[in-house]
1. Based on what the data block shows, is VAL47 farther than 18 Å from VAL145 by Cβ, open to solvent by 40 Å² or more (accessible area, probe 1.4 Å) and modelled with pLDDT of 85 or more?
2. Identify the single condition in (1) open to solvent by less than 40 Å² (accessible area, probe 1.4 Å); (2) of a type outside the set (D, E, K, R); (3) assigned to a helix (DSSP H, G or I) that PHE53 does not satisfy, given that it satisfies every other one.
3. For the list (1) in contact with a Leu (Cβ under 8 Å, 6 or more places away or on another chain); (2) at pLDDT 90 or above; (3) in a helix (DSSP H, G or I); (4) surrounded by fewer than 20 Cβ atoms within 10 Å (Cβ to Cβ), I need the number of the one condition that VAL76 fails.
4. Name the residues in segment 94-135 that are among the small types (Gly, Ala, Ser), touching a residue at least 12 places away in the same chain (Cβ under 8 Å) and either surrounded by fewer than 20 Cβ atoms within 10 Å (Cβ to Cβ) or in contact with a strand residue (DSSP E or B) (Cβ under 7 Å, 6 or more places away or on another chain) (or both), would you?
5. Say we look at segment 17-28 and pick out the residues that are assigned to a helix (DSSP H, G or I) and under 14 Å from ASP74 (Cβ atoms); which of these is nearest to the chain's Cα centre (by Cα)?
6. Residue pairs, Cβ under 8 Å, 6 or more apart or interchain, first in segment 51-76 and closer than 13 Å to GLY128 by Cα, second of a type in the set (Asp, Glu). List them.
Amino acid sequence: MSYFFIVGAVITVLTLLFDKKAMRLDLTSLSKFISIMVGITLIRWAVMSMVGFSYSNPVLQIPMYWFLFVWWEDAVFSLPIYLLKDKFKLSKYIWIPVAIALSTYFAMGHLYQGEVGWVTIVIPYFIGYKLGKKYGFATTMTCHVLYDIFTFLCVKLAPFVLF
């Protein structure tokens, strides 16, 4: 992970140097996202209360500080697509294979999640890139970190909320 963290930091700095506007943080969108995540958390707790809670959930084993580094996934897998396609305006024969390779590699890193892990192949392009262009990459990176933190806390606090 240290290699990818360094690569993510370099790509983030390059994006800041070449296009500060792309790295904007939209606080209105961020507050809407937080509201949505509160609702999703309540739905998750409702579902867990109906189907039961497992103390063997692998999420419980993840150290909380790891979530501070989630932004690098967007930096490594979404920002290169933006830089190659939009900032440097390279040919689709260059950026599309890079997008496919990055998306495939991203999905392979999520196969531990089971059957749905392969679905993550579309995340770097459709979520990271598209929403990053629309709302700013700092916004999508922050939302990604918050999503993982909400998920972690949902599972971590479930025994106290549900029982």
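1. Against the criterion (farther than 18 Å from VAL145 by Cβ, open to solvent by 40 Å² or more (accessible area, probe 1.4 Å) and modelled with pLDDT of 85 or more), VAL47 qualifies.
2. Single failed check for PHE53: (3).
3. Only one criterion in (1) in contact with a Leu (Cβ under 8 Å, 6 or more places away or on another chain); (2) at pLDDT 90 or above; (3) in a helix (DSSP H, G or I); (4) surrounded by fewer than 20 Cβ atoms within 10 Å (Cβ to Cβ) is unmet by VAL76, namely (4).
4. Passing the criteria: only ALA107.
5. Checked segment 17-28; the qualifying residue nearest to the chain's Cα centre (by Cα) is MET23.
6. VAL70/ASP148
Residue by residue, here is whether (1) more than 18 Å from the chain's Cα centre (by Cα); (2) of a type outside the set (D, E, K, R); (3) at pLDDT below 95; (4) more than 19 Å from HIS110 (Cα to Cα) holds:
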residue: ILE6; (1), (2), (3), (4): no, yes, yes, yes
residue: LEU30; (1), (2), (3), (4): no, yes, no, yes
residue: ASN57; (1), (2), (3), (4): yes, yes, yes, no
residue: LEU60; (1), (2), (3), (4): yes, yes, yes, no
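The values are calculated or read from the model by the stated rules, or taken from the named source; none is laboratory data. Just so you know, these numbers come straight off a predicted model, no measurement behind them. Because the Cβ atoms are built from the backbone with ideal geometry, glycine has one as well, and the counts that use them run over all protein chains shown. Please note that ligands, DNA and RNA were not included when accessible areas were found on the heavy atoms of the full protein model with its side chains. Shrake-Rupley method; radii C 1.70, N 1.55, O 1.52, S 1.80 Å.
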